[in-house]
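Asks: Below: one structure in structure tokens.
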Amino acid sequence: MAKSSFEYVKKFELDDTLLPNSWIVVRLDGKCFHKFADDHKFSKPNDLRALKLMNYAAFNVLRDFNDLLMAFGQSDEYSFIFKKNTTLYKRRAAKLLTTINSKFSSSYVFYWSKFFGDVPLRYPPTFDGRTVLYPSDENLIDYMKWRQADVHINNLYNTTFWTLVLKGNLSPSQAEKRLCGTVSADKNEILFQEFQINYNNEPEIFKRGTLLVRKTIPNINLDKQNNVIVDTHDDMLKDRFWSEHKSLLLTKC
Ligand code: DGT
Ligand code: MG
Ligand code: MG
Ligand code: MG
Ligand code: MG
């Protein structure tokens, strides 16, 4: 068939195929969620409704994209991990990133009221996104550890900060000064000695974030297997987690 004289513009489209044989991680993050959280009166430091909505939006993404092995979420961010040898969209970066972000963002809005009830969504939220490649299993595991360590550091700080403000009647700037230069042990001590809060007893979802994984459950009645997506809050910083969950990184064709 004859091509139109305009067809040459197609050549301006650049190739963005991602390297083969590498882990593809897509990480999304809420834009200005500091403000979005204030505008929607999220409870401080953690709003369970908001975290569950993030998890549910991510669950919808996993349900749609079979090539995703797992996803990890905390605060206003979610990381999606593709199986290493995925050929989805011929590994084109923009296609992978935009479809994941689009499904996640629309799910966040679509299911807002499922978690927030009558609280109105005041404006459409925005999520940014990036695609990162990790060549080795060790790199990917370190990535997961990095994001979970981030939850720990932030949550211990935020929990102590907001306890000092809300229960200790310090102003935000006084609380900030009080925490300046403190290490983890100091914050644990403040919580325990002054407010009788044992940080270890805080909910796992707040301390560790949420890891969504696929599980195969035998179905006795139908004599076939059921594939389900489950949320876990395990400690990925421990090497034991990775030795006990080797199958997580196995690429199923
Ligand atoms: P960005 O990502 O550069 O556009 O800016 P932000 O404001 O989204 O900053 P980011 O992503 O570093 O930090 C996440 C913000 O989201 C953090 O400032 C507080 C807010 N946030 C996330 N989850 C909760 C929550 O459960 N409760 C409250 N009160 N705030 C939350
Ligand atoms: Mg950010
Ligand atoms: Mg953000
Ligand atoms: Mg963030
Ligand atoms: Mg099209």
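The values are calculated or read from the model by the stated rules, or taken from the named source; none is laboratory data. As the structure is a prediction and not an experimental result, all values here were calculated from the model. Ideal geometry is used to build each Cβ from the backbone, glycine not excepted, and the neighbour counts take in all protein chains shown. To get the accessible areas, we keep the full protein, side chains included, count just its heavy atoms, and leave off ligands, DNA and RNA. Shrake-Rupley method; radii C 1.70, N 1.55, O 1.52, S 1.80 Å.
Asks: Given K167/K207; K114/K167; K41/K145; K41/K187; K35/K207; K41/K103, which pairs have Cα atoms separated by over 28 Å?
Replies: K114/K167; K41/K145
Asks: Volume per residue, Å³, of the convex hull around the alpha-carbon atoms of segment 141-253?
Replies: Looking at segment 141-253, the number lands at 148 Å³ per residue.
Asks: In the chain, if the dipole is taken from +1 on Lys/Arg beta carbons and -1 on Asp/Glu beta carbons about the Cα centre, which of L121, S75, S171 is farthest to the positive end?
Replies: L121
Asks: Name the helices (complete DSSP H segments) of the chain with a Cα length along the long axis of 30 Å or more and a Kyte-Doolittle mean of at least -0.5, or state none.
Replies: What comes out of the filter, once short or polar helices are dropped, is 137-166.
Asks: What fraction, in whole percent, of alpha-carbon pairs in segment 25-122 exceed 24 Å separation?
Replies: Value for segment 25-122 (Cα pairs over 24 Å): 23 percent.
Asks: So, one more: Please list, by residue number, everything in segment 79-103 whose backbone N is under 18 Å from a paramagnetic label point 7 Å out along Cα→Cβ of L14.
Replies: The answer is 91-98.
Asks: Can you tell me the dipole magnitude for the chain around its Cα centre, using point charges on the Cβ only (Lys, Arg +1; Asp, Glu -1), in Debye to the nearest 20?
Replies: Charge dipole, the chain, about its Cα centre: 720 debye, nearest 20.
Asks: Further, regarding this structure: Just add up the charged neighbours of G209: K/R +1, D/E -1, any other residue whose Cβ is under 11 Å from the Cβ of G209.
Replies: For residues surrounding G209, the net value is -3.
Asks: While we're here: Could you tell me what percent of the accessible area of the chain is made up of carbon and sulfur, with a 1.4 Å probe and every protein chain present?
Replies: Result for the chain: 54 percent of the exposed heavy-atom area is carbon or sulfur.
Asks: Quick check on the chain: helices-only [θ] at 222 nm, where DSSP H runs of length 4 and up contribute -39,500 (n - 2.57) each and the sum goes over total residues. Nearest 500, please.
Replies: -13500 deg cm²/dmol
Asks: Using a Förster distance of 45 angstrom, determine the FRET efficiency expected from the C-beta separation of S171 and K95, and round it to 0.05.
Replies: The value I calculate is 0.40.
Asks: Could I ask something else about it? Take the alpha-carbon positions of segment 16-248, form their convex hull, and give its projected area averaged over all directions (one quarter of the hull surface) in nm².
Replies: Projected over every direction and averaged, the Cα hull of segment 16-248 covers 15.6 nm².
Asks: If you don't mind, there's one more thing I want to ask. Can you tell me how segment 96-175 classifies by the Cα gyration tensor, rounded, prolate or oblate, using a/c under 1.5 as the rounded cut?
Replies: It comes out oblate by the Cα gyration axes.
Asks: Can you return the lysines within cross-link range of K3? Criterion is Cα-Cα under 30 Å, with same-chain partners fewer than 8 residues away left out.
Replies: Hits, sequence-local ones excluded: K11, K90, K95.
Asks: So for each of 21-32, 194-205, 106-117 I average, over its residues, the number of other beta carbons within 10 Å; can you give me the resulting order with the highest mean first?
Replies: Going by the mean number of other Cβ atoms within 10 Å, highest first, we get 21-32, 106-117, 194-205.
Asks: May I ask you to order 224-234, 161-171, 80-90 by the average number of other C-beta atoms within 10 Å around their residues, highest value first?
Replies: 80-90, 161-171, 224-234
Asks: Net charge near D118, counting Lys/Arg +1 and Asp/Glu -1 over other residues with Cβ under 14 Å of its Cβ?
Replies: That works out to +4.
Asks: In addition: Can you give the Rg and Dmax of segment 1-81 based on its C-alpha atoms, in angstrom?
Replies: 19.4, 63
Asks: Over the heavy atoms of K215, what accessible area does a 1.4 Å probe trace out, to the nearest 10 Å²?
Replies: Taking all protein chains as shown, K215 has close to 100 Å².
Asks: What FRET efficiency comes out for N66 versus K41 if R0 is 41 angstrom and r is the Cβ-Cβ distance? Round to the nearest 0.05.
Replies: 0.65
Asks: Of the peptides 140-152, 60-72, 38-50, how do they stack up when ordered by the mean number of other Cβ atoms within 10 Å, highest first?
Replies: Ranking, from highest mean packing down: 60-72, 140-152, 38-50.
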